[in-house]
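The values are calculated or read from the model by the stated rules, or taken from the named source; none is laboratory data. Here the structure is a predicted model, which means the values were calculated and not measured. Using ideal geometry, Cβ is built from the backbone for each residue, glycine included, and neighbour counts are taken over all protein chains shown. Each accessible area value is taken on the protein alone, full model and side chains, heavy atoms only, with ligands, DNA and RNA left out. Shrake-Rupley method; radii C 1.70, N 1.55, O 1.52, S 1.80 Å.
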Amino acid sequence: MSKVVIISGSPSEQSRIKAIQEFTTQFFQARNIEPEVIEVRNLPPKDLIQAKFDSKDVIEANQKVEKADIVVLLSPVYKASYSGVLKVYLDLLPQNGLANKTILPLFIGGTISHLLAIDYALNPVLTALGATHLLKGAFIVDSQIEKLRSNQYQIDEIAQERLDSTFSQVERFLLQTQ
């Protein structure tokens with residue numbers, strides 16, 4: 001059975017990216033896979049900023065990535081790139097830390113003009129970390145996720161279709177690895 005880790009690079013707990021994270025978690029749970037989650041914002045900031053590779057929390061997070069077959073990367077897009085929160089964590093992964101992993105990037109941004117952030121900002125870093133099996137990710141515009149009350153969110157129909165299409169790749173991968 002495949003092991004999955006979700007790495008959330010959102011600096012905020014109350015972000016629309018939470019809707020995508022919940023969608024992702026539910027997708028895997030429906031297939032009897034309980035994903036591990038790394039909320040980078042909850043790792044010790046000093047360890048991240050000072051690149052403390054020997055930090056207990058960083059080592060623990062890296063072990064989750066090491067054990068995973070599938071790594072899902074969630075990030076908002078700021079200034080045409082993924083979040084700095086995600087970047088400081090990716091910098092702490094070992095060289096080739098993403099080798100032999102299936103990578104699924106899922107981004108959210110304010111406008112469609114940030115659509116290529118996955119291809120031009122993230123993919124070169126993933127390649128430097130040894131990733132070779134990159135699934136076509138999804139980019140969702142903020143306005144496609146409605147904020148409800150109590151930190152709840154609703155994904156609109158168009159974004160839902162895009163996520164369904166993206167996750168059909170994951171479904172095929174899971175079937176091949178059984």
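Here's a check for you: in segment 100-137, which residue that is among the small types (Gly, Ala, Ser) and under 16 Å from the mean Cα position of the chain (by Cα) is farthest from Val71 (Cα to Cα)? The residue in question is Gly109. Looking at (1) farther than 22 Å from Glu171 by Cα; (2) hydrophobic (A, V, I, L, M, F, W, C); (3) without any contact (Cβ under 8 Å) to a residue 12 or more places away in the chain, can you tell me which one Ala80 breaks? It is condition (3) that Ala80 fails.
Looking across segment 49-79, the residues that are outside any helix (DSSP H, G or I), open to solvent by less than 80 Å² (accessible area, probe 1.4 Å) and of a type in the set (D, E, K, R) come down to Lys52, Asp69.
Within segment 85-106, count every residue that is closer than 21 Å to Ser12 by Cα and either basic (Lys, Arg) or at pLDDT below 95 (or both). The total comes to 1.
Put simply, of Arg16, Arg41 the only residue that is open to solvent by 80 Å² or more (accessible area, probe 1.4 Å), farther than 22 Å from Ala99 by Cβ, in contact with a helix residue (DSSP H, G or I) (Cβ under 8 Å, 6 or more places away or on another chain) and in contact (Cβ under 8 Å) with a residue 12 or more places away in the chain is Arg16. Of everything in segment 1-13 that's more than 14 Å from the chain's Cα centre (by Cα) and among the small types (Gly, Ala, Ser), which residue is most open to solvent (accessible area, probe 1.4 Å)? Out of the qualifying residues, it is Ser12.
Can you find a residue in segment 26-34 that is farther than 21 Å from Leu134 by Cβ, at pLDDT 95 or above, under 16 Å from the mean Cα position of the chain (by Cα) and part of a loop (DSSP other than H, G, I, E, B)? Checked segment 26-34: at least one residue is farther than 21 Å from Leu134 by Cβ, at pLDDT 95 or above, under 16 Å from the mean Cα position of the chain (by Cα) and part of a loop (DSSP other than H, G, I, E, B). Can you list residue pairs whose Cβ atoms sit under 6 Å apart, with the first residue in segment 147-158 being closer than 14 Å to Glu13 by Cα and the second being open to solvent by 90 Å² or more (accessible area, probe 1.4 Å) and assigned to a loop (DSSP other than H, G, I, E, B)? Count only pairs 6 or more apart in sequence or on different chains. Going by the 6 Å Cβ cut-off, the qualifying pairs are Asn151/Gln14.
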